[in-house]
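Below is one structure; the comments refer to it alone.
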Amino acid sequence: MTLSLLMRTKPRPRAAVFVSVLAAFACREAPKATVTDGLGRAVVLPSRVERVVTLAPNVTEMIFESGAGAKIVGTDDYSNFPDAARKLPKVGGMQPNVEKIAALRPDLVIASSEGNHPALAPALAAAGIPLYVVRTDRLHEIAPAMTTVGEMLDAPRTKDAVRKLERDIAAQRRRRAKKMRVMFAVWVDPLYVGGRETFTDDVLKLAGAENAVAVTGWPQYSLESLLASPPDLIVYPRGAVTPQQIAALQKRVPELRAPIVAVDEDIFQRPGPRVPEAARALNDILDRWER
């Protein structure tokens, strides 16, 4: 009998057998976890999430800020911050391409509760890809959403990022002698506005202003309503709305006397880690008005 055959047939010591059993258990996949997402859906997460596709810019920014940006293998077409997000494969906009998503072999897809196509969840389920939806409709929901996403991805800077977000939001809180009535024009032809009970409304209140529109959500807003309750200030997202469109609006309602100011489209329309920058920019505008 050769030495190699002898080594293969020789009974193994009990200690070696015990070590082998431990190794087998260590290699066995950890149990999957079932969590509830922002829409109240039960989502079964893989034991480890190493490859992620994000379908909303605010979610992309949360993950990068929390230190897990390297796990993102694809994003929606609008994720452009930080710079590393621009270079990632894109999977579409409001109606993402499920085939492109599947080709990236993600362990998990993370989307926002705003603007998802109704066919997305069943299409991903058919492809065997879990979908987790975060809810960030209000300012107070951003930090918990960031915590949840960071924990799912084992992001190393999650706690620090959340503490910084909460600290920076608190630093922008203002109390003003006179509350300026501000309207956020999301689109102008036709006119759509940021109404009450939205994160935009929360940012206005944070800066010591008042929302000039009494409607809730993100509705179309009539020019008659605009003139019936005129705002002190109108802000609009630069890029999404052009100066030419603003000029056309002013031509349609020449009675409108409120100053109209362009603001950064991304930070004012993304309920994510850069929301304090939106509040800071709004405070700067309101401070100039008060002087």
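The values are calculated or read from the model by the stated rules, or taken from the named source; none is laboratory data. As the structure is a computational prediction, the values presented were derived from the model and not from experiment. No Cβ is skipped: glycine too gets one built from the backbone with ideal geometry, and neighbour counts run over all protein chains shown. When the accessible area is computed, the model is the full protein with side chains, heavy atoms only, and any ligands, DNA or RNA have been set aside. Shrake-Rupley method; radii C 1.70, N 1.55, O 1.52, S 1.80 Å.
Quick look at the numbers
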item	result
Accessible surface of VAL43 - all protein chains present, 1.4 Å probe, nearest 10 Å²	10 Å²
For segment 131-192: rounded, prolate or oblate by the Cα gyration tensor [a/c cutoff 1.5]	oblate
Rounded FRET efficiency, nearest 0.05, which uses the C-beta distance separating ASP189 from ASP77 and R0 of 25 Å	0.65
For TYR221, residues with placed amide H under 5 Å, excluding near neighbours	LEU191, TYR192, VAL193
Distance from segment 137-200 to segment 92-136 (C-alpha centre basis), Å	24 Å
Separation of the GLU290 and GLU166 label points, Cα + 7 Å toward Cβ, nm	2.6 nm
Accessible surface of the chain [probe 1.4 Å, protein heavy atoms]: carbon and sulfur percent	55 percent
Largest-first ordering by accessible area, 1.4 Å probe, given options PHE81, PHE184	PHE81, PHE184
5 angstrom amide H check on ARG196, placed H, neighbours 5+ away	VAL215, THR216, GLY217
Sequence of TYR236, TYR78 from largest to smallest accessible area, 1.4 Å probe	TYR78, TYR236
Accessible surface, the chain, averaged per residue in Å² (probe 1.4 Å)	53 Å²
Furthest towards positive pole of dipole, PRO276, ALA248, VAL261, structure part segment 235-279, Cβ charges	ALA248
For segment 141-291: rounded, prolate or oblate by the Cα gyration tensor [a/c cutoff 1.5]	prolate
Crossing angle, helix 142-152 versus the chain [Cα axis fit, 0-90 degrees, rounded to tens]	10 degrees
Over the chain: helical MRE at 222 nm, DSSP H runs n ≥ 4 each giving -39500 (n - 2.57), nearest 500	-11500 deg cm²/dmol
Computed FRET value (nearest 0.05) for ARG173 with GLU151, which takes r as the C-beta separation and R₀ as 30 Å	0.65
Calculated from backbone phi, Karplus (6.51, -1.76, 1.60) coupling profile of segment 38-52 in Hz, x at Gly/Pro	x, 9, x, 8, 7, 10, 8, 8, x, 4, 9, 9, 10, 10, 10
Entries in LYS87/LYS164; LYS159/LYS205; LYS100/LYS164; LYS71/LYS205; LYS179/LYS251; LYS159/LYS179 that, when Cα-Cα distance is taken, lie over 30 Å	LYS100/LYS164; LYS71/LYS205; LYS159/LYS179
Dipole magnitude (debye, nearest 20) for the chain, charges at Cβ of Lys, Arg, Asp, Glu	1080 debye
Gain in span if fully extended, ASN97 to ARG196, counting 0.36 nm per residue against the direct Cα distance	32.4 nm
Karplus-derived HN-Hα couplings along segment 250-257 (A = 6.51, B = -1.76, C = 1.60, θ = phi - 60°), whole Hz, x at Gly and Pro	4, 5, 6, 10, x, 6, 5, 10
Nitroxide proxy distance, nm - points 7 Å out along Cα→Cβ at GLU50 and LYS87	2.1 nm
Selection from ASN116, GLY150, PRO219 lying farthest towards where the dipole of the chain points positive, charges on Cβ	GLY150
